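See structure below.
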Amino acid sequence: MNKVYDNKAWLLILPMLALVAFSAIIPLMTVVNYSVQDVFDANTRFFTGTEWFVQMLNDPALQSALLRQFAFSLTVLCIEVPLGIGIALLMPKKGWQASAVLILVTLPLLIPWNVVGSIWQIFTRGDIGLMGWGLRELGYEYNITRSAVDAWGTIIIMDVWHWTPLIALLCYSGLRSIPEAYYQAARIDRASRWAVFRFIQLPKLTNVLVIGVLLRFMHSFMIYAEPFVLTGGGPGSSTTFLSQSLTTMAIGQQDLGPSAAFSLIYFLIILLVSWVFYTAIMNMQKDKEGGA
Amino acid sequence: MEWMVWTLPTTVFFSVIAAMLVGMTVWEVVQPTVERKGFLPISTTRGDRLFIGLLSAAYLHLMVVGFTPLSIWWALAGSVLWLLVLIRWG
Amino acid sequence: MSQSKPTTPSEVRQRAAVEDKRRRRKARAVPGRLRPKLLLCLYLLFVLLPIYWLMNMSFQSNTEILGGLTLWPDNFTLEHYTKIFTTETWYMGYVNSITYVAMNMVISILVALPAAYAFSRYHFIGDKHLFFWLLTNLMAPPAVFLLPYFQLYYTVGLFDTHIAVALAHCLFNIPLAIWILEGFMSSVPKEIDETAFIDGYSFPRFFVRIFIPMIRSGIGVTLFFLFMFSWVELLLASTLTSTNAQPIASVMTSTSTASGIDWGTLAAAGVLTIVPGILVVYFVRNHIAKGFALGRT
């Protein structure tokens, strides 16, 4: 669309800007202020300079939490994206079935995150949970409080259960926007199922997929409530992700300075990744407009 | 404002950022930017280059402070230089 | 395809071969069409099983839950639901959650509509950077802002009120709303605006009377997303409240007492948190497919 250059548009932005600035900029400034001081209360504080940053960057616990975080985010993306595309291709397109499947698939997205944790906590318990009990009956010593492998596996299954619907729905809406004529043309050309997917459906999906991957990366990167409820970060610290380390430090231990420094590092990582994604999306749209 | 526990360095830091934003806006009004392609792999406007510069400066500071014994002032000097190069030729 | 009868033997044979081929293809197509259905059913089973298990437990007494594994409630009981609906802390948890979610939806949509319009129709200084900054807020982990929020709302005297949580959730909900709405608005042709202005509509009148009705489905979908993200968020909501505005999520943590976890009540409370979501998604089911693409397909 040809947009008009008009700086009066800022007037329309202002109310939003005031609100978001109140919720975003003031707290961010405060975090920066905390990060260079040792704060006991508003009157008792000492300037520490970069000390907290040095400490946080060299903290092995946080470094391993960061690595775990990346490993987790990549794993869930690798599972959820193909699975989500698959589900979207399978979903019926018309009739009451379409609505019913749509609602059922959306269901996990609408459950509060800690309830998701509770659901899986109940589901995987060895004594009262169907999955935990079932696996034990099958002869597998399943125990998420003892075995790090089980805990990891369960958290990944939980995340797949929770978030694949987002990818599936994004792709489903992408698929719905393909005109029927494309499929007819493909039928006339006797294109194989794979060719239809590769040359008709996938190109339409790239746009929504980038959004989906972006959202999924971000949400998996700040995952907190579900593993906290399910495993409490254990066994040991095998499922302690960044958000949880941060929250423990900030709320549990009241270490304002170090947790603020950690927040900023965390934020910078997110900022870089989202900038890369955003630039990619924007360039894709530009190419599309230029090519059309 | 007391609860925000301001310190002199952070005040200076945010003032500089604010001044940069105001400066960029004024510059934009006086002489609108043209999107172009420099040594960076994507075509950028002046604002994009400022953002890239600031983000890389932040990472540079973290690297220097966290993993080298160098003083933070070296990082600052390097960042300013990098920012200027980026704005001019990026 | 022509319906005329074949006249030469070779033509007859050819026609027969074509028919034969078609029959074979159809015969293969039946299992081929069943398999996707089967896979979809398997996935739905995977989705529903944990939820079924939660419901199953919510209808059992605690002794039955701990007594042994039963695939369905042997002694169907509503005691946990009765407990939730008669204990004030419990049902007020739901009221509190719904209150701040509703407040957040109203605030977010009101400020997001004009902003999204500006982004979809105009170029202005810093528009791209502003948009990116908004998106970073969508991605900011709430844990980063936890402490300053606590301090901020405590200082301005909003701690433990519904509006505090509603404002805090604006951090990610306003950018989200702008993002979705911008997509929908961009798909409305600009000529409509221009015609309306030529017809003498003032901007506010045009916006409310013509533009908003045109993107009604987009607004519906946006509200759905606002509901979703505000309803499921727990970290900020439970940090910014203590007793007066305590969300259901933090009431649920009180089910674990010294004598163990009250599994039945926990499960019943969990089931009740799913209900509003089902209602909301039911209302927007016809638009959701379009809305999820955020107008960007």
Computed over all unlike Cα pairs, the Kirkwood hydrodynamic radius of chain B in Å stands at 14.7
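Tell me the mean residue ellipticity at 222 nm calculated for chain C from its helices only (DSSP H runs of n ≥ 4, each -39500 (n - 2.57), averaged over every residue, nearest 500).
Working: 14 runs with 219 residues, N = 297.
Rounded to the nearest 500, it is -24500 deg cm²/dmol.
Using only the alpha carbon atoms of the stretch A:1-97, find the Kirkwood hydrodynamic radius as the inverse mean reciprocal pair distance, in angstroms to one decimal. Numbers along the way, then the final one.
Details: mean 1/r = 0.0512 Å⁻¹.
So the Kirkwood estimate lands at 19.5 Å.
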Asserting the computed 222 nm helical MRE of chain A (DSSP H runs at least 4 long, -39500 (n - 2.57) per run, divided by residue count, to nearest 500) equals -23500 deg cm²/dmol
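Relative contact order for the stretch B:45-90: what is it in percent, counting Cα pairs under 8 Å that are at least 6 residues apart? Mind dumping the intermediate values first?
On the way: 31 pairs, mean separation 23.3, N = 46.
Relative contact order for the stretch B:45-90 comes out at 51 percent.
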When C:S108, C:S10 are ranked with the fewest other C-beta atoms within 10 Å first, the list becomes C:S10, C:S108
FRET efficiency for C:T77 and A:Q63 from the Cβ-Cβ distance with R0 = 41 Å, rounded to 0.05, comes out at 0.25
Assertion target for A:W96, B:W82, C:W231, ordered by fewest C-beta neighbours within 10 angstrom first, is A:W96, B:W82, C:W231
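Which trypsin sites (Lys or Arg not before Pro) in the stretch A:54-120 pass both tests, a DSSP loop state and at most 15 other beta-carbon atoms within 10 Å?
Numbers: sites: A:R68, A:K93, A:K94; in loops: A:K93, A:K94.
Filter output for the stretch A:54-120: A:K93, A:K94.
Cβ under 11 Å from A:E180's Cβ, A:E180 left aside: what net charge do those residues give with Lys, Arg +1 and Asp, Glu -1? It would help to have the intermediate numbers written out before the result.
On the way: positive: A:K93, A:R176, A:R187; negative: none.
Taking every other residue near A:E180 into account, the sum is +3.
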Sorted by chain and number, the residues with a modelled amide H under 5 Å from that of C:H123, at a separation of 5 or more or across chains, are A:V4, A:Y5, A:D6
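Using only C-alpha positions, report the orientation-averaged shadow area of the convex hull of the stretch C:87-292, nm², one decimal.
Numbers: hull surface 56.2 nm².
With every direction weighted equally, the projected area is 14.1 nm².
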The stretch B:70-90 and the stretch C:101-175 have their Cα centres apart by a whole-number Å value of 33
Hits for chain C under the membrane-span-like helix rule (DSSP H, Cα axial span at least 30 Å, Kyte-Doolittle mean at least 0.5) are C:88-121, C:162-186, C:263-283
The answer for the net charge of residues other than C:E191 whose Cβ lies under 13 angstrom from its Cβ, with Lys and Arg +1 and Asp and Glu -1, is -1
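What is the local net charge at A:Y224, summed over the other residues whose Cβ is closer than 14 Å to its Cβ (Lys, Arg +1; Asp, Glu -1)?
Values: positive: A:R68; negative: A:D159, A:E226, C:E233.
Net charge around A:Y224: -2.
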Karplus-derived 3J(HN,Hα) from phi for the stretch C:234-251 (6.51 cos²θ - 1.76 cosθ + 1.60, θ = phi - 60°), whole Hz, x at Gly and Pro, runs 10, 4, 5, 4, 7, 6, 8, 10, 10, 10, 6, 10, 4, x, 4, 4, 7, 5
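Computed from the coordinates by the stated procedures, all read-outs in this text should not be read as laboratory data. All figures in this text were calculated on a predicted structure; none of them were measured in a lab. Positions of Cβ are generated from backbone atoms using ideal geometry, with glycine treated the same way; all protein chains shown enter the neighbour counts.
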